[in-house]
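*Asks:* A single structure is presented below for examination.
Coordinate-derived values only; no laboratory data. For clarity, every value in this text was computed on a predicted model and none was experimentally measured. Using ideal geometry, Cβ is built from the backbone for each residue, glycine included, and neighbour counts are taken over all protein chains shown.
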Amino acid sequence: MRKELNIQLYKEMYLIRRSEEKICQIYSEDQMKTPMHMSMGSEAIDVGICHALKNNDQVFGTYRSHALYLAKTNNLYNFFAEMYGKDTALLKGKGGSMHLCDPRRGFMGTSAIVASALSVAVGAAFANKYKGNRKVVAVFFGDGALDEGAFWESVNVASLMKLPIIFVCQDNSVAVHTHKYERQGYKDITQIVSKFRCNLFKDNTTNVEDIFNMASKAISIIRSTQTPCFIYLRYYRYLEHVGINKDFDAGYRSESEFKKWFRKDPVILQRRKLINLGLSVTEINNIEREISIMIEAVIEKVKADPFAEKKELYTEVFG
């Protein structure tokens, strides 16, 4: 059972990592017109938590949405169709990298406005409680969202009303280029959150299985008590804030810091774990090859898809 779980977790993380590596390889072709906020480094958080959720549970996220979207939906075709802005994408190219959405799979949407998804997610959790459908909402956000009033209002209301929601703070220590110690007048957000009527989970792990187990426990608490949970996890954003390149020459962080984090890269750690669980290198290589072939096939098909007609600009737009 544990072996099968870890194989599946690896497949999901490798799909995300390889998809983004492929974007880095082909972005210069200039066929993807959307700006890219890459997820590399966060895969264990997104996969671990989403794997613990049920299919009809709901997820909200930020503009750094690739890993979260693929972890929750496994909808690789729609992912690349949206990156290429094709008519075959659910949003027909109007969403791009930052506004992915797939409600049928519980992926309710992402927003480019910092902290904006938090209050919407709280509203969804309230609706689910009112309906009694036992759905859990998970809202993902970075440490930059902690600087916004919407964060504090959302945690307060969820705690007060006992809403079935998980607040997932993915702390990479920087908001664009500004370190949290230059932005935040407190030492530890978890110490503050612990004062709310909200169940607190925190860890420095990049082990996807550990995160899955943590999320499973949090979800069990929510389903049995209908009280919110706060999961605090740290990670390192491998690439620049927006774009496909490294940015260690920008002066706000160092390559040595990246190398320290990369020693516990979640994808590499999980690959080693599979070997320890008895998989051969050949078996793992076969898994990776199958995923890479699938990604290549999807991209080729998407490239051949048509673009939406101009009239599509005026559909499903409200103003």
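*Asks:* Gap in Å between the Cα centre of the stretch 265-319 and the Cα centre of the stretch 54-72?
*Replies:* Each part reduced to its Cα centre gives a spacing of 15 Å.
*Asks:* Same structure again: Please compute the length gained on full extension between Val281 and Ser194, using 0.36 nm multiplied by the number of residues separating them and subtracting their Cα-Cα distance.
*Replies:* 27.0 nm
*Asks:* Which chymotrypsin sites (Phe, Trp or Tyr not before Pro) does the stretch 212-319 hold that lie in a coil by DSSP with at most 10 other beta carbons within 10 Å?
*Replies:* Phe318
*Asks:* So, in Å, what gap is there between the alpha-carbon centers of the stretch 210-254 and the stretch 130-190?
*Replies:* Between the Cα centre of the stretch 210-254 and that of the stretch 130-190, the gap is 11 Å.
*Asks:* Here's something else I'd like to know. Give, as a single signed number, the net charge of other residues whose beta carbon lies under 11 Å from the beta carbon of Lys129, with Lys and Arg counted +1 and Asp and Glu -1.
*Replies:* After counting each charged neighbour, the total is +4.
*Asks:* Taking 0.36 nm per residue of separation and subtracting the Cα-Cα distance, what length does fully extending Met161 through Lys22 add?
*Replies:* 45.7 nm
*Asks:* Let me ask something else. I'd like the Karplus ³J(HN,Hα) series for the stretch 129-143: coefficients 6.51, -1.76, 1.60, θ = phi - 60°, whole numbers in Hz, and an x wherever there's a Gly or Pro.
*Replies:* 5, 4, 6, x, 8, 6, 6, 10, 9, 10, 10, 9, 7, x, 5
*Asks:* What is the chain's relative contact order, in percent, from Cα pairs under 8 angstrom and six or more apart in sequence?
*Replies:* It comes to 23 percent, rounded to a whole number.
*Asks:* Now for a separate question. Report the charge-dipole magnitude of the chain in Debye, nearest 20, computed about the Cα centre from +1 at each Lys and Arg Cβ and -1 at each Asp and Glu Cβ.
*Replies:* Dipole size: approximately 1080 debye.
*Asks:* Something else about it: Give me the aspartates and glutamates in straight-line cross-link reach of Lys195: C-alpha distance below 19 Å, same-chain residues under 8 apart excluded.
*Replies:* Reachable aspartates and glutamates: Asp143, Asp147, Glu148, Glu153, Asp203.
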